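Scroll down for the structure; my scribbles are underneath it.
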Amino acid sequence: MNLISIPAFQDNYIWVLVDDDRRCVIVDPGESAPVLRAIKENDWQPEAILLTHHHNDHTGGVPELHAHFPHLVVYGPAEAQDKGITHVVEEGENILIREWEFSVFATPGHTLGHLCFYSKPYIFCGDTLFSGGCGRLFEGTPAQMYQSLQKINALPDDTVICCAHEYTLGNMKFAVSLLPEDRAIQDYYHKVKELRAKNQKTLPVILKNERQINLFLRTDDTDLINKINQETNLQQPEQRFAWLRSKKDNFR
């Protein structure tokens, strides 16, 4: 399988898995034009679409793609039924698309019905986990998002994180502001700055590395706990996650 990212809007990525027969699965097509262009240029044969949640920047391209390819099967959560879904899926289900098998995880937080799709080694995590960060809590609670991140964090070290936005630089600026002495965070921040200065992508990323630099996966980390304890004393990792998310929401 070949993994390809198609830029969309200002900072979205639409992910595509392509096999040797040029059959492909499309994840979160927020707009159709760049996808249709890539399909034509590469002679891909679309098989299915996966939707992680209902927001339009992840679903807006579905109607036109379906118009061009009426056979397309569209999998997604019940919250996105009005976005062109043909098959509603939920936690614990497995989807088989040709040789690809995807496990479905419920990952509420960003939205209440958010799903992730895992086909080893790839996880398509929408707006749940970002490199160096996590999604905003538009509908869910901090506790829900914390538990959702734990599901992703339980996957193997070599899991390839395919998130939907190029937010890495902003996330790492936040991480450096909290733990300026952390060498792993500093090194990654400088690497990301160099990549973005050249307008290069920072995604996908590997879970093993993300565990070192993503504060939202480090709520049991001693250095982070000590930093938090300078302002407040929070005993539970869910509480520390909520503190982090609030700090990031107000970070400029």
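The values are calculated or read from the model by the stated rules, or taken from the named source; none is laboratory data. Not measured: the values here are computed from a predicted model. Here the Cβ positions follow ideal geometry from the backbone for every residue, glycine too, while neighbour counts run over all protein chains shown. Please note that ligands, DNA and RNA were not included when accessible areas were found on the heavy atoms of the full protein model with its side chains. Shrake-Rupley method; radii C 1.70, N 1.55, O 1.52, S 1.80 Å.
Among residues of segment 32-58 being assigned to a loop (DSSP other than H, G, I, E, B) and over 22 Å from the mean Cα position of the chain (by Cα), the one that is farthest from residue 116 (Cα to Cα) is 43. When each of 23, 37 is tested for being among the basic types (Lys, Arg) and in contact with a strand residue (DSSP E or B) (Cβ under 6 Å, 6 or more places away or on another chain), the lone residue that passes is 23.
Examine segment 174-186 for a residue that is open to solvent by 10 Å² or more (accessible area, probe 1.4 Å) and among the β-branched types (Val, Ile, Thr), and state whether such a residue exists. Yes, there is a match, as at least one residue in segment 174-186 is open to solvent by 10 Å² or more (accessible area, probe 1.4 Å) and among the β-branched types (Val, Ile, Thr). Does residue 154 fit the bill of being free of Cβ contacts under 8 Å to residues at least 24 places away in the same chain, among the aliphatic types (A, V, I, L, M), exposed (fewer than 15 other Cβ atoms within 10 Å of the Cβ) and out of contact with any Gly (no Cβ under 8 Å at 6 or more places or on another chain)? Considered against the rule, which asks whether it is free of Cβ contacts under 8 Å to residues at least 24 places away in the same chain, among the aliphatic types (A, V, I, L, M), exposed (fewer than 15 other Cβ atoms within 10 Å of the Cβ) and out of contact with any Gly (no Cβ under 8 Å at 6 or more places or on another chain), residue 154 comes out as yes. Could you tell me whether any residue of segment 221-243 is touching a residue at least 40 places away in the same chain (Cβ under 8 Å), more than 24 Å from residue 11 (Cβ to Cβ), touching a Phe, Trp or Tyr at 6+ places or on another chain (Cβ under 6 Å) and surrounded by fewer than 20 Cβ atoms within 10 Å (Cβ to Cβ)? Looking through segment 221-243, at least one residue is touching a residue at least 40 places away in the same chain (Cβ under 8 Å), more than 24 Å from residue 11 (Cβ to Cβ), touching a Phe, Trp or Tyr at 6+ places or on another chain (Cβ under 6 Å) and surrounded by fewer than 20 Cβ atoms within 10 Å (Cβ to Cβ). The set of residues in segment 75-103 that are under 19 Å from residue 122 (Cβ atoms) and among the β-branched types (Val, Ile, Thr) comprises 89, 95, 97. Screening segment 95-143 for residues that are over 10 Å from the mean Cα position of the chain (by Cα) and polar (S, T, N, Q) and picking the one that is surrounded by the fewest Cβ atoms within 10 Å (Cβ to Cβ) gives 141.
From the list 68, 55, pick out the single residue that is surrounded by 12 or more Cβ atoms within 10 Å (Cβ to Cβ), under 21 Å from residue 21 (Cα atoms) and modelled with pLDDT of 95 or more. Just a single option satisfies the conditions, and that option is 68. Listed by position, the helices (runs of 4 or more DSSP H) inside segment 171-252 whose residues that are closer than 26 Å to residue 140 by Cα, touching a Cys at 6+ places or on another chain (Cβ under 9 Å) and at pLDDT 95 or above number at least 1 are 237-249. If the condition is being in contact with a strand residue (DSSP E or B) (Cβ under 8 Å, 6 or more places away or on another chain) and in a loop (DSSP other than H, G, I, E, B), then segment 59-96 contributes 61, 69, 72, 77, 84, 85, 86, 89, 90, 91, 92, 93. Using the structure shown, decide if residue 92 is on the phi > 0 side of the Ramachandran plot and either in contact with a Cys (Cβ under 9 Å, 6 or more places away or on another chain) or open to solvent by 40 Å² or more (accessible area, probe 1.4 Å) (or both). Answer is yes for this residue.
For segment 8-23, name all the residues that are under 14 Å from the mean Cα position of the chain (by Cα) and either under 17 Å from residue 101 (Cα atoms) or part of a strand (DSSP E or B) (or both). Passing the criteria: 12, 13, 14, 15, 16.
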